[in-house]
Structures are given as C-alpha cells and as structure tokens.
Amino acid sequence: MSYAIIGFGKIGQALAKAFARSGIEVSVATTRGPESFAADAAAIGPTIIPQTLAEAVKADIVFLAVRFESHPDVAKALPTWQGKIVVDVTNTRVPPEELGGQPSSKVVAQAFTGARLVKGFNHLVAAVLGQDPAIQGGRRVVFLASDDDGAAAEIGALAENLGFSPIELGGLSEGGLLVQARGNSWGQLIFKDLVKFD
C-alpha cells in the first residue's frame, strides 16, 4: 500500500510527522516543484519523500491537505481516481447554502471521480495533529466519516498504525457534518481534542 499527502502546509506537515513517527513511507507534494519543500520534508524524516503532484497521485491512498478551494485542481491531476482512497482533510468556511446544502466532503467526493472518499483527520488543529498521539496511556481520537464502509475501515486501520484511536461517525451526510466548520455554525466535534483509553 502506498501513501501520499497532497499539500505541505501546517496540516500536511503534521500528517507527515505522524507517518515519520511510525516509520511509514509517504510521498508529499504540492502544486510547486518538490525542490521547493525538500528541506522541510528532510527535516521531518527520511520516510517523507518529496515528489511532483503527478507522481504523488499514483499512490493508493491520498491525503488531501490543501485549502478546500484548491481541491478541484488536485482532482484534475488524474482522469479517474478509480481504485484509490482519498482522505479529505480539508476544512472550509463556505456556508452550506453555497454548497447546495451538502457537507463539504460530498462536494470533494464529486470532484474525485471514482475515488472512495473518507473525511478524516480534519477536526484537529495542526499543532495538535502533529503531536505524538500517545497521551498518558491513551490515544488521541481521530474521527472518520465515509459512505464506503470498506474505505473507512482501511483508513481506521492506518490511523491505528499511526498511533491514533479512530472513531467512525457513519456516512458523509451525517458524520461529515459533525466535523465540518460550516460558516457561522460549527460541527459538534470540530476541534475537539479527545483521548480514548482502552
């Protein structure tokens, strides 16, 4: 299984740190050339591989860590996303009425033709997401929502490998709204930093 993070701002780098801590190789890319962020990738660890966008989107599982407004540009990098899982880590303040009343994750899913989309890892601020998820004998929670149970289970297993405790919230229309920053009204779980003790 191959992994990529598209977007290497604060959230992309926080995700990269989680992969580096677990010794899991992950490609990282932006719309800029890899030489522009190679030093930042190297500073995180040797398993963080800078690539072009065209190379990175070949991965089996792609984390979308760009601004919500930029997701259509990433989607255009492939004619079809069939067989891939896209993890939507974006947040937006675009009001729901501007998105046709849909959760933002549904809008993202429509752009990535053929992909199995999971909303996840977006409810934590970058500074928290980048920390070691092991806390006082417990593990930091990440919420996942998807209309594809199999994809949610795969990302749940990956989240556990990264040291997190995944909690599935159901489909995008229900669970996606719980972790969405929506205009002036916020999902009930957005930016909640929770720890699960087994």
Meets criteria (in a strand (DSSP E or B) and either in contact (Cβ under 8 Å) with a residue 40 or more places away in the chain or farther than 18 Å from residue 172 by Cα (or both)) for residue 87: yes
Tell me, which residue of region 1-24 that is under 12 Å from the mean Cα position of the chain (by Cα) and part of a loop (DSSP other than H, G, I, E, B) is farthest from residue 40 (Cα to Cα)? 7
Tell me, yes or no, whether region 134-151 has at least one residue that is in a strand (DSSP E or B), in contact with a strand residue (DSSP E or B) (Cβ under 7 Å, 6 or more places away or on another chain), within 20 Å of residue 26 (Cβ to Cβ) and in contact (Cβ under 8 Å) with a residue 60 or more places away in the chain. no
Looking only at region 175-198, count every residue that is surrounded by 20 or more Cβ atoms within 10 Å (Cβ to Cβ), in contact with a helix residue (DSSP H, G or I) (Cβ under 8 Å, 6 or more places away or on another chain) and more than 17 Å from residue 129 (Cβ to Cβ) and tell me the total. 1
So which of 158, 144, 172 ends up being in contact with a Gly (Cβ under 9 Å, 6 or more places away or on another chain), within 19 Å of residue 64 (Cα to Cα), of a type in the set (A, V, I, L, M) and crowded, with 20+ Cβ neighbours inside 10 Å? 144
All positions within region 87-106 that are of a type in the set (Val, Ile, Thr), more than 15 Å from the chain's Cα centre (by Cα) and surrounded by 23 or more Cβ atoms within 10 Å (Cβ to Cβ): none
Out of (1) of a type in the set (Gly, Ala, Ser); (2) surrounded by 14 or more Cβ atoms within 10 Å (Cβ to Cβ); (3) not in a strand (DSSP E or B), what's the single condition that is false for residue 39? (2)
Identify all residues within region 160-197 that are part of a helix (DSSP H, G or I) and either of a type in the set (S, T, N, Q) or touching a Phe, Trp or Tyr at 6+ places or on another chain (Cβ under 8 Å) (or both); write none if there are none. 161, 173, 175, 178
When only residues in region 107-131 that are outside any helix (DSSP H, G or I) and polar (S, T, N, Q) count, which is surrounded by the most Cβ atoms within 10 Å (Cβ to Cβ)? 122
I'm checking my understanding of the structure. Among residues of region 59-84 that are assigned to a loop (DSSP other than H, G, I, E, B) and charged (D, E, K, R), which one is surrounded by the most Cβ atoms within 10 Å (Cβ to Cβ)? 84
If you take the residues in region 42-58 that are part of a helix (DSSP H, G or I) and of a type in the set (A, V, I, L, M, F, W, C), which one is farthest from residue 128 (Cα to Cα)? 54
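Taken together, the values in this text are just the output of simple stated rules run on the coordinates, not laboratory data. These numbers come from a predicted model, not from an experiment. As a convention, Cβ positions derive from the backbone with ideal geometry for all residues, glycine included, and neighbour counts pool all protein chains shown.
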